[in-house]
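Worksheet for the structure shown next.
Every number here is computed from the coordinates shown, using simple stated rules; none is lab data. Note that this is a predicted model, so its numbers are computed, not measured. Here the Cβ is made from the backbone with ideal geometry for all residues, glycine too, and neighbour counts use every protein chain on show.
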Amino acid sequence: MNVLVCNAGSTSLKFKLFDMRDEKLLAESKIERVGSDDAIFYYRNLITGSLIHLEKLSVPTYTEGIRMFLDCLLDVETGVLKSAGQIDRVGFKTVLAKGCYGVCELTDSVIRAMEEILCVAPAHNGPYLEAIARFRELLPEAVMVGAFETAFHTTIPLERRLYPVPCEWYETYGIQRMGYHGASHSYIAETMAARYGLKSRIISCHLGGSCSVCAIENGESRDTSFGFSLQTGVFHANRAGDVDAYLFPFLMSKGLSVEEICDGLDKRGGLLGLSGISGDLRKIQQESSNPRARLAVGCFCESIVKYIGSFYAELGGLDHLVFTGGIGENSPDIRERVCSRLRHMGIVMDFERNRTEKPDSVISADGSPVGIHVIAANEELGVARKTFRLKL
């Protein structure tokens, strides 16, 4: 079975095509700056090694981007398939749908459930709804599958999912801590189980433009830093993460509109809001003489440490600490700053390994009671596995 995985962002599209007989990656593509006349298109055939890299393209909508990828996939010179009919299933790293928390076929009713809760995750559900609609048109014979990010977190005990608000809000509206980044954290759980066995206590730190920490026990999610929306938890590149809910009425009393407050929390918060420089950690770290840049990095590390400490207590100890995601994999400085605060938990880093080892390596010191790992995120393979396993 050939499974195509689509990862849709607010201005980007990523694709990976797998032959699931041996989980072989056949082709991959990435399109950046969708919606502009300055888009970047990348495509690679993993069978022949042929590569296409184009810049300054006009890609006004997802439709054009998807067609560009499919054209390359089926081209005589660059393609790996003879016809679109060879794509059996298309898997999406979908985020949220009312009443849908697992892996399911994207029927009309499931799509309506995504639309119904669009206001909770507009920057995520919106792009996926558009991408799904385009693929249904272009690949009418393929089965569309949604691997919802909330699926991995359904094993979190109810007492850790509920908010202390009127219970009818949960019963009527489904207000609870949903949890996201399920594709990433479930991939970490599967990878660590394959290497060290299923029975272990893991804290997975997905750090990037969007960040979350997850407590994993015996392969199952036991808690996560995300809440009802993707706004909460460890703060992000542009999103504020955990804030006091009463900021909202207070700022409204000072004359700010709902739109202005949401914009500050969702687009001008996080690393960008604190640093005043950028939401990109790399750019912030280049301004080490800037007090606000140093403060932003310090606050970011503190928010990670807080969740690791909390989840350590909930798990009753720890066997492995994992870093993944763009920052988790590529920022030795952040890993070092976080781990230096956690030696009392038996988390002892080998600083030389941390600076020199590449992803998919162990960076803990010899004899450290807790293993420290850097694992490259492979969310697409996780989604492909779930898409392949779905019984229809």
Would you mind giving the three semi-axes, in whole Å and largest first, of the ellipsoid equivalent to segment 2-148 according to its Cα gyration tensor?
25, 19, 12
Quick calc: nm separation of the 7 Å Cα→Cβ label points for His344 and Glu141 -> 6.3 nm
Given the chain, what whole percent of its Cα pairs are spread farther than 38 Å?
20 percent
Specify the residue with the greatest mean-square fluctuation among Lys16, Lys358, Lys56, computed from a Gaussian network of the chain linking alpha-carbon atoms under 10 Å apart.
Lys56
Mind jotting down a quarter of the surface of the convex hull over the alpha carbons of segment 205-309, in square nanometres, one decimal?
7.4 nm²
Residue among Met114, Met345, Met192 with the largest mean-square fluctuation in a Gaussian network model of the chain, springs linking Cα atoms under 10 Å
Met345
Of all GluC sites (Glu not before Pro) in segment 107-144, which ones are in loop regions per DSSP and have a Cβ with at most 14 other Cβ atoms within 10 Å?
Glu141
Scalar couplings 3J(HN,Hα) for segment 294-309 by Karplus 6.51 cos²θ - 1.76 cosθ + 1.60 (θ = phi - 60°), nearest whole Hz, x for Gly and Pro, are 5, 5, 4, 5, x, 5, 4, 5, 4, 5, 5, 4, 4, 6, 4, x
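Could you calculate the contour length gain from Tyr170 to Thr107, that is, 0.36 nm times the residue separation minus the distance between their Cα atoms, to one decimal place in nm?
20.1 nm
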I'd like the FRET efficiency for His53 and Glu130, computed as 1/(1 + (r/R0)^6) with the beta carbon distance as r and R0 of 22 Å, rounded to 0.05.
0.30
Set the bar at 32 Å for Cα to Cα. Now go through Lys30/Lys98; Lys98/Lys267; Lys14/Lys267; Lys199/Lys283; Lys98/Lys283 and name every pair that lies beyond it.
Lys199/Lys283; Lys98/Lys283
Which residues qualify? For Ile372, with a placed amide H closer than 5 Å and at least 5 residues away or on another chain, they are Leu321, Ile363, Ser364
Could you give the nm distance between label points at Arg67 and Leu158, where each point is 7 Å from its Cα heading toward the beta carbon?
5.1 nm
What are the ³J(HN,Hα) couplings of segment 328-336, residue after residue, when phi is run through the Karplus curve with 6.51, -1.76, 1.60 and θ = phi - 60°? Round to Hz, x for glycine and proline.
x, 7, 10, 10, x, 5, 5, 4, 5
State the extension gain, in nm to one decimal, for the chain segment bounded by Ser83 and Lys199, taking 0.36 nm per residue of separation less the distance between their alpha-carbons.
37.4 nm
Can you list the HN-Hα couplings for segment 39-44, worked out from phi with the Karplus curve (6.51, -1.76, 1.60; θ = phi - 60°), rounded to whole Hz and with x for Gly and Pro?
6, 10, 10, 10, 9, 9
